[in-house]
1. Can you confirm whether Pro314 is open to solvent by 70 Å² or more (accessible area, probe 1.4 Å), assigned to a loop (DSSP other than H, G, I, E, B) and within 26 Å of Ala124 (Cβ to Cβ)?
2. Conditions first: (1) at pLDDT 95 or above; (2) in a loop (DSSP other than H, G, I, E, B). Ile233 passes all but one, so which condition is the exception?
3. Looking at the stretch 290-304, is at least one residue in a loop (DSSP other than H, G, I, E, B) and at positive phi?
4. Can you name the number of the only condition in (1) hydroxyl-bearing (Ser, Thr, Tyr); (2) open to solvent by 30 Å² or more (accessible area, probe 1.4 Å); (3) under 20 Å from the mean Cα position of the chain (by Cα) that Thr9 fails?
5. Restricting attention to the stretch 60-79, which residues are in a loop (DSSP other than H, G, I, E, B) and surrounded by 21 or more Cβ atoms within 10 Å (Cβ to Cβ)?
6. Collect the residues in the stretch 15-56 that are buried (at least 19 other Cβ atoms within 10 Å of the Cβ), of a type outside the set (Gly, Ala, Ser) and not in a strand (DSSP E or B), keeping them in residue-number order.
7. Within the stretch 259-271, is even one residue open to solvent by 20 Å² or more (accessible area, probe 1.4 Å) and not in a loop (DSSP other than H, G, I, E, B)?
8. Can you spot a residue in the stretch 238-255 that is open to solvent by less than 60 Å² (accessible area, probe 1.4 Å), within 24 Å of Ala121 (Cα to Cα) and polar (S, T, N, Q)?
Amino acid sequence: MTKPILVVTSHYPKEVEDRIERDYNARRNPNQVPFSRQELLHAAEGADALLITLADQLDSAFFEKVSPTVKIIATYSVGFEHIDLEAAARRKIAVAYTPGVNHEATADIAMLLLLGASRRAYEAQELVRTGAWKPLSPDMLLGWQVGGKILGIFGMGRVGQALARRARGFGMKVHYCNPSKLPAEIAGDAVYHQDPLDLLRVSQFLSLHAPETPQTNHFLNSKAISLLPAGAIVVNSARGGLVVDDDLIAALKSGRIAAAGLDVFDGEPKLNPEYVSLKNTFLLPHIGSATIETRTAMGMLALDNVDAVLNGMPAPTLVPPLS
């Protein structure tokens, strides 16, 4: 039996690659670099499905030209803002994503960012790695303890809830803002704020976990920062577009924000170079889901979606239809 043709734009953990090799006729870029727009369109000619990542931007112009044989596009991500869903719907192409499998790994990274920023981990590592470490006086590299502090979580979905569990273990007091109040059995002792501005006012630590939407884009701007307690610490492992970079950088320079831990950036992999020049930033290259277990689970879920659609079955995690 002829295998379905699957356009694969990246490389995945071994178990996922083995399944691709076994079940599909995979088309990849032979140059081992990301597809250009035209190359992806060419690869999709006669293909049944596409397996893409956040790096692949599929806009309305792409869908106007993509092959009519394509039945499903599976993105290896929880976010789907890189895909024009209206254009996909017009072409009757299903779009699937990978929710529900990366929240524990991403919450680990959020906690790492929180601790790395609060304990000045970048500055400390720099001393060790550059050979500049000398006996420190008691007033050097003083960070901020997390125990007893209020952690404000903006977006109490799966990742936010997983971070809350971790933060409680460090003795933090959890407050959150969400479109709706969570049931008590999920929220526990977390304090709910319907108004995000109220959350900002109490958040000695602020961790961003909301999806990027027109409503949340540039949520953390100069006005929002002005509401945070002086010397607050900001963490972002959600989407770079939630933050106005220039405003956060200005606050980091002035000390209004004591430190920031960031795993995501607007326009990544490019980022505002001023972040790199600052000592009070703890920066990671979008590795929230980067564990073998999570990345394998994401790949398997993406392929489950492809299999289901190509076999005329309900797909496990299609992107919800536009309202």
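1. Details: open to solvent by 70 Å² or more (accessible area, probe 1.4 Å): yes; assigned to a loop (DSSP other than H, G, I, E, B): yes; within 26 Å of Ala124 (Cβ to Cβ): no.
Against the criterion (open to solvent by 70 Å² or more (accessible area, probe 1.4 Å), assigned to a loop (DSSP other than H, G, I, E, B) and within 26 Å of Ala124 (Cβ to Cβ)), Pro314 does not qualify.
2. Status for Ile233: all satisfied but (2).
3. Our first condition is that a residue be in a loop (DSSP other than H, G, I, E, B); within the stretch 290-304, this holds for 290-291.
Narrowing further to those that are at positive phi: none.
The answer is no, given that none of the residues of the stretch 290-304 is in a loop (DSSP other than H, G, I, E, B) and at positive phi.
4. Checking Thr9 against (1) hydroxyl-bearing (Ser, Thr, Tyr); (2) open to solvent by 30 Å² or more (accessible area, probe 1.4 Å); (3) under 20 Å from the mean Cα position of the chain (by Cα), the one that fails is (2).
5. Val66, Val70, Tyr76, Ser77, Val78
6. Passing the criteria: Val16, Ile20, Tyr24, Phe35, Leu40, Asp48, Asp56.
7. First, pick out the residues of the stretch 259-271 that are open to solvent by 20 Å² or more (accessible area, probe 1.4 Å): 265-271.
Now narrow it down to the ones that are not in a loop (DSSP other than H, G, I, E, B): none.
No.
8. no
The values are calculated or read from the model by the stated rules, or taken from the named source; none is laboratory data. Note that this is a predicted model, so its numbers are computed, not measured. Virtual Cβ from ideal backbone geometry, glycine too; neighbours counted across all protein chains shown. Just the protein is used for accessible areas: all its heavy atoms, side chains included, with ligands, DNA and RNA removed. Shrake-Rupley method; radii C 1.70, N 1.55, O 1.52, S 1.80 Å.
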